[in-house]
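The values are calculated or read from the model by the stated rules, or taken from the named source; none is laboratory data. Because the structure is predicted, anything quoted here is derived from the model rather than measured. In this analysis, Cβ positions are derived from the backbone assuming ideal geometry, glycine residues included, and neighbour counts consider all displayed protein chains. These area figures cover heavy atoms from the full protein model, side chains too; ligands, DNA and RNA do not enter into them. Shrake-Rupley method; radii C 1.70, N 1.55, O 1.52, S 1.80 Å.
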Amino acid sequence: MLPVARLRDPSLHHARTGCPFHDVRQMLKEAGLRPTRQRLALGWLLFAKGDRHISAEILHEEAQRARFPVSLATVYNTLHQFTEVGLLRELALDGSRAFFDTNVHDHHHFFLEGENELLDIPLSAVNMDKTPEPPPGYEVARVDVVVRVRRKSTS
């Protein structure tokens, strides 16, 4: 079980201390990351609110509002470090905007155009009867489906 899943698993509440920073510290250690001050603070901001989709810019704003001075570069670095160890899942949209998902289990997404928001789609709601064969020597790691939606026009 991934460390972030253990942090949220109700059957493992006895393993948690109730102290968010201690629990995030333990999650980071289990993922093989040193629990620095920045990682602890950003981890708490990310994971204390449950499953969510967040950009580096939004997390940076949240950190500033929480009076945690951190640079946008540090936020980006931390998000990528969390992604590398499996605590987050990165979703790149439009080649210029990336979102980070705290739900690392297999699922798909609606992207709300014009609102720059993602919503989860359960894995079972998308029918993937046949995927293309990967090139020789490769295997499919994950299939990400992003369904782009927009509000209906009222005309």
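Per-structure values
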quantity: Selection of chymotrypsin sites (Phe, Trp or Tyr not before Pro), the stretch 85-155, meeting DSSP coil and at most 10 other Cβ within 10 Å; calculated: Tyr138
quantity: In order through the stretch 22-33: 3J(HN,Hα) via Karplus (6.51 cos²θ - 1.76 cosθ + 1.60), integer Hz, x for Gly, Pro; calculated: 5, 5, 5, 4, 5, 4, 5, 4, 5, 7, x, 9
quantity: Charge sum, other residues only, whose C-beta stays under 15 Å from Val146's C-beta, Lys/Arg counted +1 and Asp/Glu -1; calculated: -4
quantity: Approximate spin-label separation Leu123-Tyr138, in nm, with each point projected 7 Å along Cα-to-Cβ; calculated: 2.2
quantity: Estimated [θ] at 222 nm from DSSP helical runs (n ≥ 4, -39500 (n - 2.57)) normalised by residues in the chain, nearest 500; calculated: -10000 deg cm²/dmol
quantity: Average accessible area per residue (Å²) across the chain - probe 1.4 Å, nucleic acids and ligands excluded; calculated: 63
quantity: Cα long-axis angle, helix 56-65 against the chain (0 to 90 degrees, to the nearest 10); calculated: 30
quantity: Alpha carbon Rg of the chain, scaled by the compact-globule rule 2.2 N^0.38 Å; calculated: 1.16
quantity: Karplus-derived 3J(HN,Hα), 6.51/-1.76/1.60, for each residue of the stretch 121-130, Hz, glycine and proline x; calculated: 10, x, 4, 5, 7, 10, 8, 10, 4, 9
quantity: Percent carbon-and-sulfur accessible area, the stretch 28-71, ignoring ligands, DNA and RNA, probe 1.4 Å; calculated: 49
quantity: Label-to-label distance, nm, for residues given as Val146 and Leu72 (7 Å Cα→Cβ offset); calculated: 1.9
